[in-house]
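The block underneath contains the structure these notes are about, expressed in structure tokens.
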Amino acid sequence: MSLSIKEIIENIKGRLEGNSFGDFSGNFQIIVNTTDYPVYISIIVSEGKLELIQQKIDDADCTIETDENTLSSLLEGKKKPTTAFMMGDLKISGNLDLALKFGRILE
């Protein structure tokens with residue numbers, strides 16, 4: 001059974017809160033395509049401080065788009081980000097280096 005959107009957001013928040021971002025700044029946006037509508041999870045890191053909001057941002061440095069089942073599988077460790085990307089289940093636009101850093105945090 002896959003995680004609900006609420007569980008996905010809490011899972012991501014928990015993983016990010018335990019990480020030190022130093023002086024890093026950047027904006028990530030995850031677009032989760034559900035059966036009804038897209039859900040936007042935006043992660044804003046500024047001077048090492050983290051803010052996670054559930055809304056679309058227009059100035060994302062990196063956007064990751066996937067479906068609910070794929071993101072759930074990634075967070076549960078059932079699928080690797082690289083595999084999901086190569087299979088077309090994970091689309092990345094913007095700064096690929098930031099996407100790789102973000103992927104390592106979620107593993």
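The values are calculated or read from the model by the stated rules, or taken from the named source; none is laboratory data. None of these values were measured; they are calculated from a predicted model. Please note: Cβ atoms are built from the backbone with ideal geometry, for glycine as well, and neighbour counts cover all protein chains shown.
With out of contact with any Lys or Arg (no Cβ under 8 Å at 6 or more places or on another chain) and in a strand (DSSP E or B) as the only criterion, which of Ile30, Ile57, Ile12, Ile8 stands out?
Exactly one residue qualifies, and that residue is Ile30.
Identify the residue in segment 27-66 that is loosely packed, with under 13 Cβ neighbours inside 10 Å and more than 26 Å from Ser2 (Cα to Cα) and, among all such residues, is modelled with the lowest pLDDT.
Gly48
Taking segment 67-107 on its own, how many of its residues are closer than 19 Å to Lys6 by Cβ and in contact (Cβ under 8 Å) with a residue 60 or more places away in the chain?
The qualifying residues number 8.
Looking at Thr35 and the list (1) in contact (Cβ under 8 Å) with a residue 60 or more places away in the chain; (2) in a loop (DSSP other than H, G, I, E, B); (3) of a type outside the set (A, V, I, L, M), which single condition is not satisfied?
Just one mismatch for Thr35, condition (1).
When residues of segment 59-107 are filtered for being under 14 Å from Ile12 (Cβ atoms), in contact with a strand residue (DSSP E or B) (Cβ under 8 Å, 6 or more places away or on another chain) and basic (Lys, Arg), how many remain?
Total satisfying the criteria: 0.
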